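The values are calculated or read from the model by the stated rules, or taken from the named source; none is laboratory data. As the structure is a computational prediction, the values presented were derived from the model and not from experiment. Quick reminder, even Gly has a Cβ in these numbers, built from the backbone with ideal geometry, and neighbours come from all protein chains shown. Areas reflect the complete protein model, heavy atoms only, side chains present, ligands, DNA and RNA absent. Shrake-Rupley method; radii C 1.70, N 1.55, O 1.52, S 1.80 Å.
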Amino acid sequence: DLAIQDGETVSGSMDKNDPDHWYKIEVPKDGAVTLDVKTDGSLVMRYVELHAKVNDSDLPSWGYQYLYDVEKPLTVSGLKPGTYYVHLNRNDKAGTYSFKYTFTPNSYQNDTEPNDKWENAVLLNEGSTLQGHLGYDYWNSRDDDDWYKIVVPADGAVTLDVKTDENLVIRYVQLYAKSSDTD
């Protein structure tokens with residue numbers, strides 16, 4: 001595996017005797033990676049794949065893009081920090097390629113974990129704003145839920161204003177009232 005750094009472009013060549021190339025990338029914090037592969041016009045690539053090594057024998061794919069019809073970048077969002085592997089596969093003919101890896105960090109600060117159950121809810125004070133991450137896959141568990149606790153000091157109304165970046169779709173926001181210590 002050849003290591004490639006964020007923002008770096010590397011070149012290579014492939015033919016029928018050398019159809020697969022692997023690169024290693026480091027994702028420094030929650031974010032997205034873009035893998036951009038361009039050929040010289042004679043080489044026909046099949047695909048670019050992003051893999052994460054879960055254990056010594058498991059290398060699942062986290063995203064792929066077929067390249068034989070069009071050379072467009074593959075962007076995979078929701079990645080946690082760690083080592084990932086990029087697989088480039090040749091489809092036909094021989095030639096050269098360039099490959100660029102770009103990392104884009106999540107623009108929001110991460111929330112305090114664990115807060116994926118109501119028992120671990122993080123206190124949100126009136127008038128304050130918190131940022132967090134949802135949907136990031138931490139190898140075999142996805143962070144799909146964040147819980148926050150608010151204290152309502154008197155009768156009245158509560159407004160919860162949730163904004164997301166372009167990568168996240170929130171299914172719902174719910175407000176629960178705890179009626180006793182056992183609920």
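Tabulated values for the structure
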quantity: Protection proxy ranking, peptides 116-129, 155-168, 12-25, average beta carbon neighbours within 10 Å, highest first; calculated: 12-25, 116-129, 155-168
quantity: Lysine pairs with alpha-carbon atoms under 13 Å apart, the chain, spacing 8 or more or separate chains; calculated: 10
quantity: Extension reserve of the Tyr68-Asn17 stretch, reckoned as 0.36 nm per residue once the Cα distance is removed; calculated: 16.5 nm
quantity: Over the range 1-133: Kirkwood hydrodynamic radius from C-alpha pairwise inverse distances, Å; calculated: 16.6 Å
quantity: Cα-Cα P(r), the range 91-130, percent of pairs per 5 Å interval; calculated: 5, 13, 13, 13, 11, 7, 6, 6, 7, 7, 6, 5, 1
quantity: Carbon + sulfur, % of accessible area of the chain - ligands and nucleic acids excluded, 1.4 Å; calculated: 46 percent
quantity: Dipole moment magnitude, nearest 20 debye, the range 74-183 about Cα centre, only Lys, Arg, Asp, Glu C-beta charged; calculated: 740 debye
quantity: Three principal axis lengths of the range 92-169 [C-alpha, angstrom, descending]; calculated: 73, 24, 17
